[in-house]
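J.: This is the structure, below, for whatever I ask next.
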Amino acid sequence: MSTRTSRKTSPLAPVAAKATGAMREFGNIFAMALDVIVQMFKRPFQAKEFIQQFWFIASVSIMPAALVAIPFGAVITLQLGSLTAQIGADSFNGAASVLAVIQQASPIVTTLVVAGAGGSAICADLGSRTIREEIDAMMVLGVSPIQRLVVPRVLAAMGVAALLNGMVSVVGVCGGYFFNVVVQGGTPGAFLSSFSALAQLSDLWVGTLKAVIFGFLAGLVASYRGLNPKGGPKGVGDVVNQSVVITFLLLFLVNLVISVVYLQLVPAKGA
Amino acid sequence: MGVEVAVEGLSKSFGKQAIWRDVTLTLPSGEVSVLLGPSGTGKSVFLKCLIGLLKPEKGRVVINGVDLCSCPERDLYEIRKLFGVLFQDGALFGSMNIFDNVAFPLREHTRKSEKEVRDIVMSKIDMVGMLGAEGKLPGEISGGMRKRAGLARALVLDPQIILCDEPDSGLDPVRTAYLSQLLIDLNAQIDATILIVTHNINVARTVPDNLGMLFRKELVMFGPREVLLTSEEPVVEQFLNGRRIGPIGMSEEKDQAQMAQEQAHLDAGHSDGSLEEDMRGVVPQLEPTPGLPPRDAARRRRQRVMQILHTLPESAQHGILASLSRDDYDRYQEWRRRTTGMAMPSGPGTTGTATATREQTRVSQELPTRPAAGAQPTQQIPRPVAQSRPPAPQQPQQSPPMRPRPRPWRREEGDQ
Ligand SMILES: Nc1ncnc2c1ncn2[C@@H]1O[C@H](COP(=O)(O)OP(=O)(O)OP(=O)(O)O)[C@@H](O)[C@H]1O
Ligand SMILES: [Mg+2]
């Protein structure tokens with residue numbers, strides 16, 4: 001983002017151009033998304049590439065995700081703990097924090113990590129391949145880089161996001177439990193029983209669904225930016241930067257949409 | 001059998017920067033063509049447009065009746081299977097070793113067993129002289145080796161159209177000579193249509209059937225190699241001779257002041273960077289290695305060129321006629337006599353009954369002149385633009401003794 005704003009020389013003139021440019025980019029990403037979805041079902045499936053990428057993304061994401069999950073779960077629990085205590089509903093602290101972690105925090109944390117650690121690496125990798133003309137060479141050899149390179153990466157990002165999401169949920173809930181019970185002196189029984197009172201299985205499903213969608217977006221944006229670097233190696237640096245920023249923006253936007261839809265469609269338990 | 005590539009009115013620009021406009025040319029099927037041009041004139045961009053990697057704004061590239069610029073992506077991938085492309089930097093896959101790089105197209109597009117793949121790949125690696133390096137990663141070999149490995153990969157599927165972006169850059173003269181031979185041999189064997197982009201004058205002089213040049217956003221010319229090699233066009237002359245004097249500057253355009261200054265320096269005795277000898281002129285074309293079949297494309301081209309010979313510039317006609325074998329020369333005269341006899345039945349002084357005189361006058365009118373009797377050992381054209389052409393041959397029958405040069409490099413049995 002910083003690189004973009006710094007290039008803006010005249011404040012007035014390029015606004016319209018920027019807007020159309022942004023729309024065009026969005027259209028391109030959308031077109032590529034459709035392409036990726038279509039090609040996902042095209043044989044032969046690039047299993048080797050998929051496993052490699054999956055392993056790679058997982059290995060760079062697990063540690064940061066776990067490390068972020070504990071304080072994240074803790075902060076939410078602490079915050080909600082004091083809030084529920086103020087309104088005299090401390091028995092519901094457990095349920096509230098678990099819901100917040102599973103539905104919101106965990107998918108977001110997961111994808112921030114997948115996009116930040118995995119996506120940036122994907123983007124840099126594809127970017128440098130593009131400027132070395134490897135992608136051109138691949139297309140000339142009659143092989144679609146979408147099918148061959150992008151699909152395995154996007155699928156890997158989705159898979160890792162889904163699994164990491166589970167891990168982050170568990171770690172986050174454990175962290176919340178620890179802080180609620182040990183630090184704030186809550187009762188373990190109240191924490192556990194409140195969560196069966198308010199939480200339901202569909203909360204877990206929507207969290208997982210979000211993680212999968214975010215993983216798709218992270219992989220897609222990273223690949224899209226990676227395949228379209230401007231200029232040489234400097235351009236690759238720029239697109240890595242942009243891909244992370246764009247993914248984050250998209251993430252929060254899509255999260256808002258999914259959350260609204262979910263809360264409208266699925267009635268909260270006990271309401 | 002190669003495939004014809006027809007380019008019609010192609011224009012390409014990046015944003016406001018026009019790269020070239022209205023390029024029209026045809027790569028005749030199975031023939032070898034070379035595209036010359038100063039650095040940065042868009043030769044690589046042209047190649048990428050030919051394979052549909054870049055979309056030109058205007059024009060068409062037609063292969064097998066399909067326009068690459070407007071056909072859907074799926075057809076594009078099909079058409080591309082006809083191509084073997086050597087990129088300027090080799091464009092090897094950095095994460096695979098040389099063997100896997102060369103094997104990649106085979107594994108993607110054929111159902112060959114791993115052993116067959118191995119045999120083919122090793123033969124191609126051997127062909128470009130890289131045996132022993134097949135286990136290395138592209139980052140671990142030299143630039144010239146990357147080029148050669150890229151060529152091996154481009155050739156592994158026996159493509160019908162081969163595009164080479166500067167196969168010689170980064171290679172030593174000896175390897176370049178081998179490479180030229182390799183391409184010609186390949187052409188003789190599989191009759192592929194070949195387009196080579198190069199800066200190497202030797203390659204341009206000896207390898208192609210057709211020669212073209214890009215300069216100042218335009219295709220200066222494209223046609224039988226003799227046309228460009230004997231051209232009086234200042235750009236062509238400057239480029240072929242590698243001189244500083246002329247329209248090509250360090251940057252694309254050169255202004256009057258700089259031109260005048262350079263001319264002054266030259267007049268004062270400062271070298272303009274070229275060698276003494278004129279690099280223009282038609283030199284013998286490279287032949288396939290003895291033992292290989294003669295190039296069918298050479299025969300087809302000869303027929304094609306002879307039919308348009310009278311439309312070519314005169315110096316090109318000299319070059320072409322001088323490079324004909326005696327039989328071909330006689331046959332051409334015969335053909336001209338017949339066709340012109342039919343086409344122009346009432347030319348001045350042609351109604352005479354004495355066929356012998358008619359033939360003679362006809363020939364001396366129609367045929368371009370050959371170098372003066374027994375004159376030059378090669379077909380070099382005189383460097384200062386010859387105002388007065390050399391005298392016409394008195395008698396076509398004399399042509400054998402006047403043949404400017406015996407042609408030991410050509411085995412005559414291959415001729416038509
Ligand atoms: N992707 C691109 N975006 C913008 N401009 C480009 C792009 N690719 C090439 N150009 C421009 O097109 C022009 C021609 O480039 P090209 O690489 O085709 O030159 P070339 O004739 O192959 O030169 P050389 O002989 O040095 O390889 C250059 O001015 C270059 O700046
Ligand atoms: Mg180039």
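The values are calculated or read from the model by the stated rules, or taken from the named source; none is laboratory data. Nothing here was measured: the structure is a model prediction, and the numbers come from that model. Every residue, glycine among them, receives a Cβ derived from its backbone with ideal geometry; neighbour counts consider all protein chains shown. Surface areas here come from the heavy atoms of the whole protein model, side chains and all, with no ligands, DNA or RNA. Shrake-Rupley method; radii C 1.70, N 1.55, O 1.52, S 1.80 Å.
J.: Between B:T289 and B:E4, how high is the FRET efficiency from 1/(1 + (r/R0)^6) when r is the Cβ-Cβ distance and R₀ = 25 Å? Nearest 0.05.
T.: After rounding to 0.05, the efficiency reads 0.45.
J.: How big a patch of accessible area, both sides summed and in Å² to the nearest 100, lies buried between A and B at a 1.4 Å probe?
T.: Result for this pair: about 1600 Å² buried.
J.: Still on this model: Roughly how many nanometres apart are two label points built 7 Å out from the Cα toward the Cβ at B:D296 and A:L253?
T.: 5.7 nm
J.: Further question on the same structure: Once you've got the GNM for chain A with C-alpha springs shorter than 10 Å, pick whichever of A:L163, A:L249, A:L217 has the biggest mean-square fluctuation.
T.: Looking only at A:L163, A:L249, A:L217, the biggest GNM fluctuation is shown by A:L249.
J.: Once amide H atoms are placed 1.01 Å from N in the peptide plane, what residues at a sequence separation of 5 or more from A:V143, or on another chain, have their amide H within under 5 Å of its amide H?
T.: It is none; the list stays empty.
J.: How much mean residue ellipticity at 222 nm does the protein assembly as shown get from its helices, if each DSSP H run of length 4 or more adds -39500 (n - 2.57) and you divide by all residues, to the nearest 500 deg cm²/dmol?
T.: Value at 222 nm, helices only: -17000 deg cm²/dmol.
J.: Can you give the extra length, in nm with one decimal, that the chain gains between B:S169 and B:W335 once fully stretched, where that is 0.36 nm per residue apart less the Cα-Cα distance?
T.: 55.5 nm
J.: Please list A:190-201, A:255-266, B:89-100 highest first by mean number of surrounding beta-carbon atoms within 10 Å per residue.
T.: Top to bottom by mean Cβ count within 10 Å: B:89-100, A:190-201, A:255-266.
J.: Related question: Would you calculate the separation in nanometres between label points at A:A13 and A:V183, each defined as 7 Å from the Cα along the Cα-to-beta-carbon direction?
T.: Roughly 5.4 nm, to one decimal.
J.: What does a probe at A:I87 reach in segment A:182-219, counting residues whose amide N is under 20 Å from the point 7 Å along Cα→Cβ?
T.: The answer is A:186-187, A:190-200.
J.: Mind checking segment B:219-296 for GluC sites (Glu not before Pro) that DSSP puts in a loop (not H, G, I, E or B) and that have at most 10 other Cβ atoms within 10 Å?
T.: Passing sites in segment B:219-296 are B:E253, B:E276, B:E277.
J.: Hey, another quick one. For B:K81, go through the lysines and keep the ones whose alpha-carbon is under 25 Å away, minus same-chain ones fewer than eight residues off.
T.: Partners within reach: A:K42, A:K48, B:K12, B:K43, B:K48, B:K55, B:K58, B:K112, B:K115, B:K124, B:K147.
J.: Another question about this same structure. Specify the residue with the greatest mean-square fluctuation among A:R129, A:R225, A:R153, computed from a Gaussian network of chain A linking alpha-carbon atoms under 10 Å apart.
T.: The residue that fluctuates most here is A:R129.
J.: Shifting gears a bit: Other chains' Cβ within 10 Å of B:84-90 residues: what's the mean?
T.: 4
J.: Which residue fluctuates most in the GNM of chain A (Cα springs below 10 Å): A:M139, A:M40, A:M167?
T.: A:M139
J.: Pop a pseudo-label 7 angstrom from the Cα along the beta-carbon direction at both B:S39 and B:D272 and give the gap in nm to one decimal.
T.: Going by the 7 Å Cα→Cβ label model, 2.1 nm.
J.: Here's another thing I want to ask about it. Could you sort the peptides B:46-53, B:280-287 by per-residue average Cβ neighbour count (10 Å cutoff), highest mean leading?
T.: In decreasing order of mean packing, B:46-53, B:280-287 become B:46-53, B:280-287.
J.: Moving to a separate point now. Taking amide hydrogens as modeled 1.01 Å from N in the peptide plane, which residues meet the under 5 Å criterion relative to B:F215, leaving out close sequence neighbours?
T.: Those lying under 5 Å, H to H, from B:F215 are B:V220.
J.: Right, here's the next one. Based on the Cβ-Cβ distance of A:L209 and B:C71, what FRET efficiency does E = 1/(1 + (r/R0)^6) give at R0 = 35 Å, to the nearest 0.05?
T.: It comes out at approximately 0.35.
J.: Here's another thing I want to ask about it. Taking amide H positions as placed in the peptide plane 1.01 Å from N, state which residues far from B:W20 in sequence (5 or more) or on other chains have amide H under 5 Å from it.
T.: Under 5 Å from the amide H of B:W20: B:K12.
J.: A follow-up question, please. Show which lysines lie in cross-link reach of A:K18 when reach means a straight Cα distance below 22 angstrom and same-chain residues fewer than eight apart are skipped.
T.: Hits, sequence-local ones excluded: A:K8, A:K230, A:K234, B:K16.
J.: Here is a further query. Mind checking the mean number of beta-carbon atoms from other chains within 10 Å of the Cβ atoms in B:154-165?
T.: Per residue, the number of nearby Cβ atoms from other chains is 1 on average.
J.: Treating the beta-carbon of each Lys and Arg as +1 and of each Asp and Glu as -1, no other charges, what is the dipole magnitude of segment B:11-138 about its Cα centre, to the nearest 20 debye?
T.: 340 debye
J.: How would you order B:181-194, B:73-86 from highest to lowest mean count of nearby Cβ atoms within 10 Å?
T.: Highest-to-lowest ranking by the protection proxy: B:181-194, B:73-86.
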